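J.: Take this structure first; my questions come after.
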Amino acid sequence: QPYELRVEITSGGKDYVALYKTFKLEDETNKYRIRLGAVTSSIDDGKYAGLSYSNNQAFSTVDRDNDRWSGGHCAESNQCGWWFKACEYSKLTSPWENGEIYHAWANGTKWMSATRTEMKIRTLQ
């Protein structure tokens, strides 16, 4: 069944949305690999910004290094699990510091810290 993913971020008092037309999360055998379709967003260019950079990546945790970075372990250095590539342009599961996630999302031109993040999945009819 097809799904879409909506990512909402509040940064600097402004709300931002990235809507991925299709979304699939694979099973444990496939290391919870994320599959994303086209994106509609001012904060994700579909290539090297936001979650699009992580497309087709397996999920890494501090005890399971599934990223593509040969220089280290992204989940360990960021202290969080995420779909790291080498390493990231988003990391919404990072630890909170002083009421925000520091460098939660790169919008193509700069890093954005977040005071609110939500990821919503919806079935497409």
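J.: Does ALA18 satisfy being of a type in the set (A, V, I, L, M), touching a strand residue (DSSP E or B) at 6+ places or on another chain (Cβ under 6 Å) and open to solvent by 60 Å² or more (accessible area, probe 1.4 Å)? Steps first, answer last, please.
T.: Working: of a type in the set (A, V, I, L, M): yes; touching a strand residue (DSSP E or B) at 6+ places or on another chain (Cβ under 6 Å): yes; open to solvent by 60 Å² or more (accessible area, probe 1.4 Å): no.
Here the answer is no, as ALA18 does not meet what is asked.
J.: Quick one: in the stretch 69-92, of everything that is under 21 Å from ALA114 (Cα atoms), assigned to a loop (DSSP other than H, G, I, E, B) and aromatic (Phe, Trp, Tyr), which residue is most open to solvent (accessible area, probe 1.4 Å)?
T.: Here the answer is TYR89.
J.: Pick out the one residue from ASN66, ASN56 that is on the phi > 0 side of the Ramachandran plot and outside any strand (DSSP E or B).
T.: Values: ASN66 fails: on the phi > 0 side of the Ramachandran plot.
The unique qualifying residue is ASN56.
J.: Related question: For the stretch 93-107, which positions are out of contact with any helix residue (DSSP H, G or I) (no Cβ under 8 Å at 6 or more places or on another chain) and open to solvent by less than 100 Å² (accessible area, probe 1.4 Å)?
T.: Within the stretch 93-107, THR93, PRO95, GLY99, GLU100, ILE101, HIS103, ALA104 qualify.
The values are calculated or read from the model by the stated rules, or taken from the named source; none is laboratory data. These numbers come from a predicted model, not from an experiment. FYI the Cβ positions are ideal-geometry reconstructions off the backbone, even for glycines, and counts take in every protein chain you see. SASA here: full protein model, heavy atoms, side chains in, ligands and nucleic acids out. Shrake-Rupley method; radii C 1.70, N 1.55, O 1.52, S 1.80 Å.
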